[in-house]
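Okay, so here's the structure we're looking at.
The values are calculated or read from the model by the stated rules, or taken from the named source; none is laboratory data. Owing to the predicted nature of the structure, the values given are computational and were not obtained by experimental measurement. Because the Cβ atoms are built from the backbone with ideal geometry, glycine has one as well, and the counts that use them run over all protein chains shown. Only protein heavy atoms, including side chains, enter the accessible area calculation; ligands, DNA and RNA are left aside. Shrake-Rupley method; radii C 1.70, N 1.55, O 1.52, S 1.80 Å.
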Amino acid sequence: MSKITASNLVYFIDELPKNLTYNYIHQKNKGLIRIIGIDFPEGPIRIKRWIPSEGKSETTVREESISSQMIWRIANALKPNLPINVDRLFGGSYNTRSVLESLLAHTPEFYYCYPGRIENNTSNIKVRKGHKYLLWLPNKPHNLGEIVETKTEQVISEIPSQSAIYESLILPQQGNKELNSESKMRHAQIQIALFMIGKQLGYKTWINQNSQAIIYQNKKLNEYEGVLVSLKNETLFIPYKEAVEYALPIDCIWVKNGILMSGVIEIEDSIGIHSGLTRMKNLQNKIPLLSTRYIIVTADDERGKVLQEANKEQFISLNTRFFSYSAVEELYSLCQRRKLSGITEEFLDCFMEKVVDNNKFIH
């Protein structure tokens, strides 16, 4: 087998006994993992994880989900005898990435290894021990349920080549305190990425007023060409004047040619997904005849929460799309490395996932 699919990975993990707990690959992580259930053919895989030394137990922790999208992403990266760095593959997204990596390592065809790492300091090139990698060896199976390290002669250059870069980002201040919490910084990074993506695709972008004061590369966002500083006089909203007040709190709106709305976007953590959908629904109620995408942007492993909330009766008409952090940054990274032109709406859609049950959605 030279190519592996998400359904293959799901089948491998399903072979693991469900009455056992499993360790992480990394010995410093004293956590335990249990498989709660698996949806075939491509997931999600439901798990629980906890660290006994922190006083937690299986009964006190919530059930989590390894999404189909996550499983497909690792499947697409796997090639026989080629080590992959799972943390880098997911770019820091997906809280359960180490769980998926560890469960796969318990299956016969997967090993972990530490390839040599190239260090290039001017003319002095050295090879040192590298980070942990997952290795697929389909022709060399080990015993089911064991984690096995293997040696590899391969050497890896660990210089990131396709990461999204956020240079000189400063959050606005509130009083004398800078709002620099990790969640606010992540929100700001994604908002910048969405604006820059929109700019390359020829959209003008509304950014909610709380975020327009973000300083990026020594300029406030509302000073950038392509950022709409007001919606009141936009041609798009002239027939829908009552809708403006409902559009103002939206994190990001892409406007095309002044008359079309390519996307209404809310950037949310798990707790805010319901609120984000509510804001978008309120806007839709004021512009029911205007076609657009209603998009929730959140961490990759919150896909299940988006699916659950988006399929509630009050939100069905939004036909919500899920745009994961990793997909946003994949597209943003592409925009940073290439000058995109001739891009169609279908190109944008391939980075998002429709999460509403087609049997429920009424066009």
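On full extension of the chain, what length is gained from K339 through K79, given 0.36 nm per residue of separation minus the C-alpha to C-alpha distance?
Going from the current span to full extension adds 90.6 nm.
Could you pull out the GluC sites (Glu not before Pro) across region 207-279 that fall in loop regions by DSSP (anything but H, G, I, E, B) with no more than 10 other Cβ atoms inside 10 Å?
E225
Tabulate in residue order the Karplus-calculated ³J(HN,Hα) for region 38-49, using 6.51 cos²θ - 1.76 cosθ + 1.60 with θ = phi - 60°, rounded to whole Hz; enter x for Gly and Pro.
For region 38-49, the Karplus curve yields 9, 9, 9, x, 10, x, x, 10, 9, 9, 10, 9 Hz.
Please work out how much accessible surface T96 shows to a 1.4 Å probe, ignoring ligands, DNA and RNA, in Å² rounded to 10.
Its heavy atoms expose roughly 0 Å² to the probe.
Can you list residues from other chains, or at least 5 along the same chain, whose modelled amide H is less than 5 Å from the amide H of I36?
R46, I47, K48
Listed here are the pairs K3/K140; K48/K184; K256/K286; K220/K305; K232/K281; which of them are more than 23 Å apart at the Cα? Could you put the intermediate results ahead of the total?
Values: K3/K140 16 Å; K48/K184 27 Å; K256/K286 19 Å; K220/K305 33 Å; K232/K281 20 Å.
Pairs exceeding the cut-off: K48/K184; K220/K305.
When the Karplus curve 6.51 cos²θ - 1.76 cosθ + 1.60 is applied with θ = phi - 60°, which whole-Hz ³J(HN,Hα) does each residue of region 210-227 get, with x for Gly and Pro?
5, 9, 5, 7, 4, 9, 10, 6, 6, 9, 5, 4, 6, 9, 7, 5, x, 8
Indicate, rounded to the nearest 5 percent, the antiparallel portion of the DSSP beta bridges found entirely in region 250-363.
So the antiparallel bridges amount to about 45 percent of the total.
So what is Rg over Rh here for region 269-340, counting just Cα atoms and using Kirkwood for Rh? Can you show the working numbers first?
Details: Rg = 13.8 Å, Rh = 13.2 Å.
Value, to two decimals: 1.04.
Residue separation times 0.36 nm, minus the C-alpha to C-alpha distance between T59 and Y11: what's the value?
14.6 nm
If you count only protein heavy atoms and use a 1.4 Å probe, how large is the accessible surface of M352, to the nearest 10 Å²?
It works out to around 20 Å².
Taking amide hydrogens as modeled 1.01 Å from N in the peptide plane, which residues meet the under 5 Å criterion relative to I214, leaving out close sequence neighbours?
L221
At a probe size of 1.4 Å, how large is the accessible area of T344, to the nearest 10 Å²?
Approximately 70 Å² for this residue.
Are there trypsin sites (Lys or Arg not before Pro) in region 206-257 that DSSP marks as loop and that have at most 13 other Cβ atoms within 10 Å, and which are they?
K232
I need the Debye-formula profile for region 303-349: one equal scatterer per C-alpha, no solvent, reported as log10 I(q)/I(0) at q = 0.32 1/Å, two decimals.
Per q value, in the given order, log10 I(q)/I(0) is -1.16.
Over all Cα pairs of region 179-222, how is the pair count split among 10 Å bins, expressed in % and running from 0 up to the last occupied bin?
Histogram of Cα-Cα distances, whole percents per bin: 27, 59, 13, 1.
Using square roots of five times the C-alpha gyration tensor eigenvalues, list the equivalent-ellipsoid semi-axes of region 1-91 in whole Å, biggest first.
Semi-axes from the Cα gyration tensor: 25, 16, 12 Å.
Over 16 Å, how big is the tail of the calculated P(r) for region 43-103, in percent of all Cα pairs?
Roughly 50 percent, rounded to a whole number.
What do you reckon, how do I238, I74, I147 stack up by accessible area (1.4 Å probe), largest on top? All intermediate terms of the calculation are to be shown ahead of the outcome.
Numbers: I238 90, I74 0, I147 55 Å².
Of I238, I74, I147, the descending order of accessible area is I238, I147, I74.
Taking a temperature of 20 °C and a viscosity of 1.002 mPa s, what whole-number D in µm²/s does Stokes-Einstein yield for region 232-363 with Rh from Kirkwood over alpha carbon pairs?
139 µm²/s
Ignoring any ligand, DNA or RNA, what whole percent of the accessible area of region 178-334 comes from carbon and sulfur when the probe is 1.4 angstrom? Present the calculation step by step, with values, prior to reporting the outcome.
Details: 3140 of 6630 Å².
Carbon with sulfur: 47 percent of the solvent-accessible area.
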